[in-house]
1. Quickly run through segment 42-57 and pick out the residues that are crowded, with 17+ Cβ neighbours inside 10 Å and under 27 Å from residue 29 (Cβ atoms).
2. Go through segment 86-96 and give me each residue that's crowded, with 18+ Cβ neighbours inside 10 Å and either without any contact (Cβ under 8 Å) to a residue 40 or more places away in the chain or more than 16 Å from the ligand (Cβ to nearest atom) (or both).
3. Which residues, taken from segment 183-213, are more than 20 Å from residue 130 (Cβ to Cβ) and assigned to a helix (DSSP H, G or I)?
4. Among the residues of segment 30-41 satisfying the criterion of being in a strand (DSSP E or B) and more than 16 Å from the ligand (Cβ to nearest atom), which is surrounded by the fewest Cβ atoms within 10 Å (Cβ to Cβ)?
5. Would you check which residues across segment 42-63 are more than 18 Å from the chain's Cα centre (by Cα) and either more than 8 Å from the ligand (Cβ to nearest atom) or closer than 11 Å to residue 116 by Cβ (or both) and list them?
6. If you take the residues in segment 115-135 that are surrounded by fewer than 24 Cβ atoms within 10 Å (Cβ to Cβ), under 20 Å from residue 7 (Cβ atoms) and touching a residue at least 60 places away in the same chain (Cβ under 8 Å), which one is nearest to the ligand (Cβ to nearest atom)?
7. (1) modelled with pLDDT under 95; (2) closer than 26 Å to residue 198 by Cβ; (3) within 16 Å of the ligand (Cβ to nearest atom): which one isn't true of residue 6, the others all being true?
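The values are calculated or read from the model by the stated rules, or taken from the named source; none is laboratory data. Note that this is a predicted model, so its numbers are computed, not measured. Quick reminder, even Gly has a Cβ in these numbers, built from the backbone with ideal geometry, and neighbours come from all protein chains shown.
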Ligand code: UTP
């Protein structure tokens with residue numbers, strides 16, 4: 001019998017997955033299955049509700065840091081929604097990397113879920129920092145596009161997708177983006193910097209079919225793989 005290696009897997013789930021109960025349930029089923037063989041950490045994005053609240057706050061004169069805190073609150077609500085759908089998650093979203101890491105070491109088996117942590121970045125960066133902190137084997141960024149492109153494919157239909165990138169190449173692509181509260185980029189620059197620093201193997205995939213997450217953990221995907229050249 002071939003024994004499967006237990007991996008530490010960090011997953012960043014974009015806010016788009018929390019817009020209806022069916023999508024949350026479908027993702028939860030896949031996560032529960034993965035947690036049977038791997039140690040799982042899931043970070044939830046804020047999605048459209050985060051952007052809507054940030055827009056209102058900005059119109060009221062709130063500065064970017066305050067807007068970021070409003071976004072963080074939305075990501076934590078989504079974390080609670082995911083926890084509601086899981087049978088084997090810690091009951092509250094973790095607010096600190098250390099707490100998430102310690103809980104999984106102590107009790108094992110359960111899924112650690114967390115939302116945002118502090119202003120200045122997005123949950124992609126939270127997931128990238130967590131991946132470094134726990135020495136993850138793999139970081140999977142699950143989003144609404146099927147990889148990293150040279151321009152936003154929703155806006156530019158001829159944009160080119162990258163199958164493979166080095167962390168440095170990823171950084172060069174995303175550094176051109178603006179980092180405002182609620183901004184819409186596939187991987188934020190802080191996350192890219194953390195991926196470069198940690199060297200954790202990172203895969204960007206489309207999550208419209210949650211089975212893609214399982215496939216990516218098992219080494220099969222059609223997204224973008226970010227890895228230092230050997
Ligand atoms: P998201 O992680 O949801 O941003 O955080 P996103 O890139 O728009 O991701 P999707 O669309 O959900 O996939 C929402 C907002 O919350 C604040 C930022 O303003 C971010 O844009 N935030 C989140 C923080 O300031 N710090 C965090 O740790 C997380």
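1. 42, 43, 44, 45, 46, 47, 49, 50
2. Within segment 86-96, 86, 89, 90, 94 qualify.
3. Matches in segment 183-213: 211, 212.
4. 39
5. As a first pass, look at segment 42-63 and keep what is more than 18 Å from the chain's Cα centre (by Cα): 52-63.
Those that are more than 18 Å from the chain's Cα centre (by Cα) and either more than 8 Å from the ligand (Cβ to nearest atom) or closer than 11 Å to residue 116 by Cβ (or both): 52, 53, 55, 56, 57, 58, 59, 60, 61, 62, 63.
6. By that ranking, first place goes to 129.
7. Failing condition for residue 6: (3).
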